[in-house]
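Input: a single structure, listed below in structure tokens.
The values are calculated or read from the model by the stated rules, or taken from the named source; none is laboratory data. Note that the structure is a prediction, hence the values are computed from the model and not measured. Positions of Cβ are generated from backbone atoms using ideal geometry, with glycine treated the same way; all protein chains shown enter the neighbour counts. Only protein heavy atoms, including side chains, enter the accessible area calculation; ligands, DNA and RNA are left aside. Shrake-Rupley method; radii C 1.70, N 1.55, O 1.52, S 1.80 Å.
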Amino acid sequence: MRLPPDSLAFQMLGAAAAVRGVHEGTALPQAIEDATNLLRLDRVRDAATRGAIQDLAYRTVRQFGATRALVTQLVTRPPGALVDSLLAVALALLLEGEEGDRSKVGRGGYSDFTVVDQAVSAAASEPKTAHARGLVNAVLRRFLRERKALMDAIAKDEEARWNLPTWWLEQLRAAYPDRWMALAESVNVRPPMTLRVNTKRLSVDEYLKELANAGMAGTAIGPQAVRLVRAFPVSQVPGFATGDVSVQDAGAQLAAPLCEVADGMRVLDACAAPGGKTGHLLELADIHVTAVESDAERAARIHENLARLDQRAEVIVGDASRPKDWWDGQQFDRILADVPCSASGIVRRHPDIRWLRRESDIAKLVNEQRRIVSQLWSLLKPGGILVYVTCSIFPTEGEEQALWFGAQLPDAIRLQAPGQLLPGTKAQETAGTNMAGQPSLPSDHDGFYYARFQKRA
Ligand SMILES: C[S@@+](CC[C@H](N)C(=O)[O-])C[C@H]1O[C@@H](n2cnc3c(N)ncnc32)[C@H](O)[C@@H]1O
């Protein structure tokens, strides 16, 4: 049976294929791409359907802990990976039904009946799942009948309660004994869409007027940061195509100003793709930027971003921890080390990260971060500044690293920096850091860690 692409059933099937990809270890954007290729969706022509599949997949992955626990409760014999994922998509929609009003579900406004009916149609339409259409029907109906008892049964399961892996919760509890619950809750909050205004071209106030003329509302939340009241596709955002604005979280917008660049400086952006911070650096002064990125495909995105902004940088595909492979021997005035990390501070934007990461990844990342910064240090001029950034909220990748760098890097003076920014809050000051004289902090941002070191002149 062929389903119309604008049907919920078709979109649930696409989302199920994407969710299965994440379950098998693929990052969600790639898993969605793979799923829509499988369904032979044309990128441009079928944009609305792709958007709907993406929305369902993100909603499901946010609730993966709960939906997986429910499937385990409801299904005695594993029905197959795609059926499992289809059940997860349907259950995620049903779980979004507001307490007291189960007739309407989530933003889509689908009734419970529609969700069940469309999930069964989705199962029936696909050879790999058709055998399980009866099971899908029975499982979802049982969930609706026994919802309270089932939710009580999974309530003791931490992964189901918080939609976070147990090891992740342990890290949060150890690091933030007083606020780990708020942090765990925050991962499922929908993040704002925040823009960075290129103030070389227009002021934030001028841009807010442009937005208003286009019928969009925004608020200034930083020197260049504008938070949109509602998210829009970038193609509809005024000034995006021409580089007047870029999409960048307000916490990420601190990185470039912390480099304190001035005209004529040589700046190394050491882990640069997709180039968000490269572009920002170039908007702040007339500088020469060398952008190093180890992943060639991702490096191509730096070129795309800079072309949109009408900016230039020297882009090198290389390993930041092996400068002898690519460095020309001329030292830099500034180094931005936006190192690879757990990404535990940006989970609300990338809900798949928590399921893809393993606890054992953290120690490997900590070592890689140390290797990169230690190797880059000799590339810095005396008097130069290195800014260390992670989008992590785990102290092992933040303050503990900064203390290690302070002790290990020769001639390093620790400068003021925001330290640990927790998602959605003001900066949390950490040992050895404070914000005197630093850029003011926006109020709604992802989680980041910032430290700065100057090389003794
Ligand atoms: C946090 S992201 C950088 C984000 C970027 N600075 C921005 O603002 O758009 C880290 C990047 O480092 C790259 N990377 C990981 N290991 C690296 C290495 N050893 N050398 C250079 N780049 C690396 C990753 O591929 C990834 O693109």
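Laid out as a table, the results:
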read-out: Relative packing of 61-70, 173-182, which averages over residues the other C-beta atoms within 10 Å, highest first; value: 61-70, 173-182
read-out: Fraction of beta bridges assigned by DSSP in the chain that are antiparallel (%, nearest 5); value: 60
read-out: Cβ-derived FRET efficiency at R0 60 Å, Leu202 paired with Arg141, nearest 0.05; value: 0.60
read-out: Convex hull (Cα only) mean projected area of region 274-344, reported in nm² to one decimal; value: 5.3
read-out: Phe232 accessible area, 1.4 Å probe, all protein chains in place, Å² to nearest 10; value: 40
read-out: Top positive-direction residue, dipole computed over the chain with Cβ charges, set Ala57, Ala220, Gly264; value: Ala57
read-out: With every protein chain in place, region 30-80: carbon and sulfur % of accessible area (1.4 Å); value: 49
read-out: Whole-angstrom gap from region 297-319 to region 359-380, using each part's C-alpha centre; value: 23
read-out: Convex hull of Cα atoms in the chain, direction-averaged projection (nm²); value: 22.6
read-out: Rg(Cα)/(2.2 N^0.38 Å) for region 252-455, N = residue count; value: 0.95
read-out: Theoretical gain in end-to-end length, Leu38 to Ala155 [0.36 nm per residue, Cα-Cα removed]; value: 38.5 nm
read-out: Relative contact order (%) - criterion: Cα under 8 Å, at least six apart; region: region 252-455; value: 20
read-out: Listed residue (Met12, Val197, Met151) projecting farthest to the positive dipole end of the chain, Cβ model; value: Met151
read-out: Kirkwood hydrodynamic radius over Cα pairs of region 32-162, then Stokes diffusion coefficient at 20 °C and 1.002 mPa s, in µm²/s; value: 140
read-out: Solvent-free Debye scattering, log10 I(q)/I(0), computed from the Cα coordinates of region 349-395 at q = 0.13, 0.17, 0.24 Å⁻¹; value: -0.43, -0.66, -0.98
read-out: Charge sum, other residues only, whose C-beta stays under 11 Å from Thr26's C-beta, Lys/Arg counted +1 and Asp/Glu -1; value: -3
read-out: Degrees separating the helix 47-62 axis from the principal Cα axis of the chain, which is the longest one; value: 90
read-out: The chain - charge dipole about Cα centre, Lys and Arg +1 at Cβ, Asp and Glu -1, debye rounded to 20; value: 760
